[in-house]
1. For region 3-10, check the following and say yes or no: at least one residue is exposed (fewer than 13 other Cβ atoms within 10 Å of the Cβ), over 12 Å from the mean Cα position of the chain (by Cα) and hydrophobic (A, V, I, L, M, F, W, C).
2. Could you tell me whether any residue of region 34-51 is over 14 Å from Gly109 (Cα atoms), exposed (fewer than 14 other Cβ atoms within 10 Å of the Cβ) and in contact with a Phe, Trp or Tyr (Cβ under 8 Å, 6 or more places away or on another chain)?
3. Looking for something surrounded by 13 or more Cβ atoms within 10 Å (Cβ to Cβ) and over 14 Å from Phe20 (Cα atoms) - is there at least one such residue anywhere in region 94-107?
4. Could you list, in sequence order, all residues of region 1-44 that are without any contact (Cβ under 8 Å) to a residue 24 or more places away in the chain and polar (S, T, N, Q)?
5. Taking interchain pairs and intrachain pairs at least six residues apart, which have beta carbon atoms under 6 angstrom, with the first residue in region 60-79 and touching a residue at least 60 places away in the same chain (Cβ under 8 Å) and the second surrounded by fewer than 16 Cβ atoms within 10 Å (Cβ to Cβ) and outside any loop (DSSP other than H, G, I, E, B)?
Amino acid sequence: MNTTTTFWTSEAELGGQIPFQVTLGCHENVYISELDFSSIQITFSDDRPSCTLHSNDGQVESIIDLGLIHEEEVSTATGPLKWSPGQRIVLNGMMQSDLEGDVKVCSIG
């Protein structure tokens with residue numbers, strides 16, 4: 001599986017929100033459409049709780065909204081976690097912090 005992470009701005013004011021995006025994809029010759037993923041967890045480099053995306057039986061979508069990821073609240077979202085070979089799923093979210101510091105996506109699993 002290929003993943004990329006993008007923060008759409010390099011800095012934000014304290015308490016401000018910045019958009020980010022995680023893209024999940026697979027090579028066209030790898031068939032994962034029959035695999036059932038129950039959830040995907042995104043962990044960050046600071047002390048904020050992980051964001052968990054739980055699978056649902058909805059229509060396969062290319063874009064899933066993760067909502068606002070805050071440093072003190074557990075963040076969850078739902079979306080269909082099945083996709084065809086060569087398809088990408090884009091997870092969009094907003095990040096907010098009241099503390100100064102750098103934040104990175106550490107792992108997606």
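The values are calculated or read from the model by the stated rules, or taken from the named source; none is laboratory data. Just so it is clear, the structure is predicted and the values come from calculations on it, not from any experiment. Cβ coordinates were reconstructed from backbone atoms using ideal geometry, including for glycine residues, and neighbour counts include every protein chain displayed.
1. yes
2. no
3. No, every residue in region 94-107 fails to be surrounded by 13 or more Cβ atoms within 10 Å (Cβ to Cβ) and over 14 Å from Phe20 (Cα atoms).
4. Thr4, Thr6, Thr9, Ser10
5. The qualifying pairs do not exist here.
Per-residue answers, yes or no, for (1) small (Gly, Ala, Ser); (2) farther than 14 Å from Thr5 by Cα; (3) more than 16 Å from the chain's Cα centre (by Cα); (4) at pLDDT 85 or above:
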residue	(1), (2), (3), (4)
Glu28	no, yes, yes, no
Asp46	no, yes, no, no
Leu53	no, yes, no, yes
Cys106	no, no, no, no
